[in-house]
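Participant: Take a look at this one; I'll ask things after.
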Amino acid sequence: MGVKGKLIASVEVKCGGHLVHDIFHTKTHHISNICPSKIQSFEIHEGETVKIGSVVNWKYNDDGKDKISKQVIEAVDPQTKTITWKVIGGDLLELYNSFTIITSCDHQWTTWTFLYEKKTEDIPEPLVLLGFVLHVTKDIEVHLLK
């Protein structure tokens, strides 16, 4: 059994959290156009849009390295503007036994929560990835404010 961890970070979004949630929920395929240096592609493998049970694949550049993350959507709550993504394949599972990403948006904030279990104690906390998703959020904010 590995070491479990939880990281939470929130970033203010002047465009309104509901608009950021809309991008992640219904216009996810636009993210690679909004920040192409960070997100190369987003594809839906099973299901349609971002709905419970949909399987999606992200190709992204994190800390100068091209990476892949395959995820299943575990939960979508339109009231709290929350989406839960469970990683089921890709680079993260080389370091972690499990990894779940939760995005939640409210009036002026977007919050990212990472729940994970490291394979060994010496695996670093996913702080670089947390910084990455915060930068993607700010890129989306800039796009929405144009």
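The values are calculated or read from the model by the stated rules, or taken from the named source; none is laboratory data. As the structure is a computational prediction, the values presented were derived from the model and not from experiment. To get the accessible areas, we keep the full protein, side chains included, count just its heavy atoms, and leave off ligands, DNA and RNA. Shrake-Rupley method; radii C 1.70, N 1.55, O 1.52, S 1.80 Å.
Participant: Which value in deg cm²/dmol, rounded to the nearest 500, describes the helix-derived mean residue ellipticity at 222 nm for the chain, given -39,500 (n - 2.57) per DSSP H run of n ≥ 4 and division by the residue count?
Facilitator: Values: 4 runs with 37 residues, N = 146.
So the helix-based figure for the chain works out to -7000 deg cm²/dmol.
Participant: Next up: Starting from the Cα-Cα distance between Gln79 and Asp66, subtract it from 0.36 nm times their residue separation and give me the gain in nm to one decimal. The partial results should precede the final answer.
Facilitator: Numbers: separation 13, 0.36 × 13 = 4.68 nm, distance 3.42 nm.
Using 0.36 nm per residue and subtracting the Cα-Cα distance, I get 1.3 nm.
Participant: Here's another thing I want to ask about it. For helix 127-145, what angle does its Cα long axis make with the longest principal axis of the chain, in degrees from 0 to 90 and rounded to 10?
Facilitator: In the chain, helix 127-145 runs at an angle near 10 degrees to the longest axis.
Participant: Given C-alpha coordinates of segment 30-100, what is the ratio Rg to Rh with the Kirkwood estimate of Rh? Present the calculation step by step, with values, prior to reporting the outcome.
Facilitator: On the way: Rg = 12.5 Å, Rh = 12.8 Å.
Result for segment 30-100 is an Rg/Rh of 0.98.
Participant: Straight-line reach from Lys59: which lysines have a Cα under 25 Å away, not including same-chain ones fewer than 8 places off?
Facilitator: Correct list for Lys59: Lys6, Lys27, Lys38, Lys51, Lys67, Lys70, Lys81, Lys86, Lys118, Lys119, Lys138.
Participant: Continuing with the same structure: If contacts are Cα pairs under 8 angstrom and at least 6 residues apart, what is the relative contact order of segment 1-133 in percent? Before the final figure, lay out the partial values.
Facilitator: Details: 283 pairs, mean separation 38.3, N = 133.
After rounding, I find 29 percent.
Participant: Under a 10 Å cutoff between Cα atoms, tell me which one of Lys86, Lys65, Lys118 has the largest fluctuation in the Gaussian network model of the chain.
Facilitator: Fluctuation is largest for Lys65.
Participant: For the chain, take the longest principal axis of its alpha carbons; what is the angle in degrees between that and the long axis of helix 17-26, to the nearest 10 within 0 to 90?
Facilitator: 70 degrees
Participant: If you project the alpha carbons of the chain onto the principal axes, what extent comes out on each, in Å, largest first?
Facilitator: Projected onto its principal axes, the Cα set of the chain covers 44, 31, 31 Å.
Participant: Leaving ligands, DNA and RNA out of it, work out the accessible area of Lys119 with a 1.4 Å probe and give it in Å² to the nearest 10.
Facilitator: 90 Å²
Participant: Please express the shape of segment 1-51 as an equivalent ellipsoid: the semi-axes are the square roots of 5 times the eigenvalues of the C-alpha gyration tensor, given largest first in whole angstrom.
Facilitator: Semi-axes from the Cα gyration tensor: 22, 19, 13 Å.
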